Amino acid sequence: MATTQNPDRDEVVFETKWFNIVARRSAGSRDPHYLLTSSDFVGVVALTTDRKLLLVRQFRPAVGGATLEVPSGHVDEGETPEETARKELIEETGYVADRFELLTTVSPAIGRFTNKMWCFFAPDARPTDQADYQIESGIELVHYSGAIRSLVMDKTFCSSLSHSILLVALAHGRLKLD
């Protein structure tokens, strides 16, 4: 996982398969700035043909409970963000879509993280035609038909990244608030 700035002043101080912690030394500063490098990831706002929003519920150890989120996942090496979006949608929901529109890219946390989230919109999602398809273990599919305003107030819909992708979809006119 490469960093993009001052590579000669960067030192990986902790490494995992999911992320690295890098100490970046800047001229004139005694202490390093610590940042996390990780692969980019995608989030997908997917609507079914009857305009239901596809969400997933899964246990998240970091918050100690189940959360409600948009389908998402890390971009694997050699894969494009759109390929990942397509893969994550089917793995987490069992749905496919013909069109994936890139709405924007955002930084998860510009003060610490170097990766990006690619935000996609997939209209007219439909169940895969693979009769024996099984959703990824540990994930529950939720067909959400309520107001977006109510969703963002739901305590289990707590991911700032899911909130941000909904805001982008609203700004692009792909969703309605109520």
Open item on the list: Out of the residues in segment 31-49 meeting the condition of being of a type in the set (S, T, N, Q) and in a strand (DSSP E or B), tell me which one is surrounded by the fewest Cβ atoms within 10 Å (Cβ to Cβ).
Closed with: T37
- [ ] Inspect segment 95-109 for any residue being within 12 Å of the chain's Cα centre (by Cα) and farther than 30 Å from D10 by Cβ and give the result as yes or no.
- [x] no
Open item on the list: Restricting to segment 81-102, name every residue that is crowded, with 19+ Cβ neighbours inside 10 Å and either hydrophobic (A, V, I, L, M, F, W, C) or not assigned by TED's automatic domain parsing to the domain that holds L167 (or both).
Closed with: A85, L89, I90, A97, F100
Task: Subset of segment 151-163 that is free of Cβ contacts under 8 Å to residues at least 60 places away in the same chain and assigned to a helix (DSSP H, G or I) - its residue that is farthest from K116 (Cα to Cα) - done: M153
- [ ] Please identify the pairs in which a residue from segment 111-131 that is farther than 18 Å from T48 by Cα has its Cβ atom under 7 Å from the Cβ atom of a residue that is part of a loop (DSSP other than H, G, I, E, B) and acidic (D, E), counting only partners at least 6 apart or on another chain.
- [x] N115/D40; K116/D40; W118/D40
TODO: Return a yes/no flag: does segment 115-123 have any residue that is in contact with a Leu (Cβ under 6 Å, 6 or more places away or on another chain) and in a loop (DSSP other than H, G, I, E, B).
DONE: no
Open item on the list: Condition first: in contact (Cβ under 8 Å) with a residue 60 or more places away in the chain and in a strand (DSSP E or B). Now tell me which residues in segment 61-100 satisfy that.
Closed with: G65, A66, T67, L68, E69, S72
Open item on the list: Given the criterion closer than 30 Å to Y34 by Cα and surrounded by 15 or more Cβ atoms within 10 Å (Cβ to Cβ), identify the matching residue among S107, S159.
Closed with: S159
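So, of the residues in segment 129-150 that are touching a Gly at 6+ places or on another chain (Cβ under 7 Å) and assigned to a loop (DSSP other than H, G, I, E, B), which turns out to be farthest from V70 (Cα to Cα)? Reasoning before the result, please.
The initial filter retains those residues of segment 129-150 that are touching a Gly at 6+ places or on another chain (Cβ under 7 Å), namely 133, 135, 141.
Narrowing the set further to residues that are assigned to a loop (DSSP other than H, G, I, E, B) leaves 133, 135.
Details: Y133: 20, I135: 15 Å.
This residue is Y133.
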- [ ] Kindly check whether there is at least one residue in segment 130-151 that is assigned by TED's automatic domain parsing to the domain that holds G94, in contact with a Leu (Cβ under 9 Å, 6 or more places away or on another chain), closer than 16 Å to A85 by Cβ and of a type in the set (F, W, Y).
- [x] no
Open item on the list: Could you tell me how many of the residues in segment 12-30 are surrounded by 15 or more Cβ atoms within 10 Å (Cβ to Cβ) and under 20 Å from V75 (Cα atoms)?
Closed with: 3
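The values are calculated or read from the model by the stated rules, or taken from the named source; none is laboratory data. If you're wondering where the values come from, they're calculated on a predicted model, not measured in any experiment. Don't worry about glycine lacking a Cβ; one is built from the backbone with ideal geometry, like all the others, and counts go over all protein chains shown.
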